[in-house]
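**Q** Encoded as structure tokens, here's the structure I'll be asking about.
The values are calculated or read from the model by the stated rules, or taken from the named source; none is laboratory data. Computed from a predicted model, the values in this text were never measured in an experiment. Heads up, the Cβs are rebuilt from the backbone with ideal geometry, glycines too, and the neighbour counts pull from every protein chain shown.
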Amino acid sequence: MGRHVSGLRFSGIAQVGLVAACCVVLAHCSGPFSSKEYSPRVVEEGEPVPKGGGIYRVGKPYSVNGRTYVPAANPSYRAEGMASWYGRDFHGRLTANGEVYDMHSISAAHTTLPLPSYVRVTNLDNGRSIVVRVNDRGPYHRNRLIDLSIGTAKALDFYSRGLARVRVEYVGPAPLEGSDDTMLIATLRDGSAAPAPSKVMIAAVKPFISNLDDDKGRSARTFTLTSASTRPAGSAGESVAANGSKAKSLVRSASAAESPAEPDPPPDPPAAAFMPTRNGALDLMSGRGLY
């Protein structure tokens, strides 16, 4: 009789231990489904995972475990909650919109956001954030807001812990085709402060247009930083700079012929450096004012 009672006690303890072990295993699962209820695996681990190929969908209201979810396109969506990650059990299987889940990509599952779409996920514990492609449904635990791929969990630095407090902000719709992993990795922010703005002033890029003739009905001419010999002939105002010194030289020569005893005045500086203009166009030709 004593042996029988001892055997019953041992059997009861074993059953309690088995139930506890099952609870621990289920606690680490991202959804309420068994492996038999997963979507079919179309790509084996180690094989390349095709990108895109799904459909755009918002979906109708649905219920899981007695809770109803209402998908909607909400451009101002913003929420805070707990994030988890899901990985190898789902790798290579179809997502809710027909894409193939890649645990190494930057992707996520959400219960109500449009598929596919982009959201920025911020780890509130360390400030790290990244834009993520939402292409699947879940998680269905009551205290979970979003399920992230292993690649995303590592980028946000909570892979080893399994859970993180996050903020999720809707960014916009995502394209159906092609891989966006490279672009998404570039959106990673490590939580550090942005660099101070540069104090270097950069001149505005504007065309070098003459304003000499804008009130005389003559068309303006684009200045080019070339020699006078390469400029087009016959342009309005051509003799202002190119022939100014030559004209003055001829006047001085004629005056000197009439009165050879009078000394020549000192030569004028280059017209491009000192000729007065209304708008300083020749200053632009000489490069002054740009540095």
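**Q** Being over 20 Å from residue 171 (Cα atoms), modelled with pLDDT under 95, in the same structural domain as residue 180 (by TED's automatic domain parsing) and acidic (Asp, Glu) narrows it down to one residue among 89, 125; which is it? Full working, then the answer.
**A** Numbers: 125 fails: modelled with pLDDT under 95.
Exactly one residue qualifies, and that residue is 89.
**Q** Could you name every one of the strands (runs of 3 or more DSSP E) located completely within segment 80-147 that has at least 2 residues being hydroxyl-bearing (Ser, Thr, Tyr) and in contact with a strand residue (DSSP E or B) (Cβ under 6 Å, 6 or more places away or on another chain)?
**A** On the way: elements: 107-109, 117-123, 129-136.
Strands (runs of 3 or more DSSP E) meeting the threshold: 117-123.
**Q** Scan (1) of a type in the set (Val, Ile, Thr); (2) farther than 21 Å from residue 77 by Cα; (3) in contact with a Lys or Arg (Cβ under 6 Å, 6 or more places away or on another chain) for the single condition residue 185 breaks and write down its number.
**A** Residue 185 satisfies every listed condition except (3).
**Q** List pairs: first residue in segment 139-165 and aromatic (Phe, Trp, Tyr), second residue outside any loop (DSSP other than H, G, I, E, B) anywhere in the structure, Cβ distance under 7 angstrom, at least six positions apart or on different chains.
**A** Qualifying pairs under 7 Å: 140/64; 158/123; 158/164; 159/85; 159/150; 159/153.
**Q** Scan segment 50-75 and report the pairs whose first residue is free of Cβ contacts under 8 Å to residues at least 24 places away in the same chain and whose second residue is loosely packed, with under 13 Cβ neighbours inside 10 Å and assigned to a strand (DSSP E or B), with Cβ atoms within less than 7 Å and a gap of 6+ or a chain change.
**A** Listed pairs, sorted by first residue: 61/68.
**Q** OK, next. Could you list, in sequence order, all residues of segment 39-79 that are under 20 Å from residue 145 (Cα atoms), β-branched (Val, Ile, Thr) and part of a loop (DSSP other than H, G, I, E, B)?
**A** At the first step, the residues of segment 39-79 found to be under 20 Å from residue 145 (Cα atoms) are 57-79.
Cutting the leftovers down to β-branched (Val, Ile, Thr) gives us 58, 64, 68, 70.
Result: 58, 70.
**Q** Next question. Which members of segment 77-116 meet the condition of being touching a helix residue (DSSP H, G or I) at 6+ places or on another chain (Cβ under 7 Å) and over 25 Å from residue 127 (Cα atoms)?
**A** Once the filter is applied, which keeps residues that are touching a helix residue (DSSP H, G or I) at 6+ places or on another chain (Cβ under 7 Å) and over 25 Å from residue 127 (Cα atoms), segment 77-116 yields only 89.
**Q** Also, I was wondering about something else. Looking at 80, 99 in this structure, which one is in contact (Cβ under 8 Å) with a residue 24 or more places away in the chain, within 18 Å of residue 158 (Cα to Cα) and among the acidic types (Asp, Glu)?
**A** Details: 99 fails: within 18 Å of residue 158 (Cα to Cα).
Only one candidate qualifies: 80.
**Q** Among 156, 145, 163, 115, which is surrounded by fewer than 19 Cβ atoms within 10 Å (Cβ to Cβ) and not β-branched (Val, Ile, Thr)?
**A** Working: 156 fails: surrounded by fewer than 19 Cβ atoms within 10 Å (Cβ to Cβ); 145 fails: surrounded by fewer than 19 Cβ atoms within 10 Å (Cβ to Cβ); 115 fails: surrounded by fewer than 19 Cβ atoms within 10 Å (Cβ to Cβ).
Of 156, 145, 163, 115, the one residue that is surrounded by fewer than 19 Cβ atoms within 10 Å (Cβ to Cβ) and not β-branched (Val, Ile, Thr) is 163.
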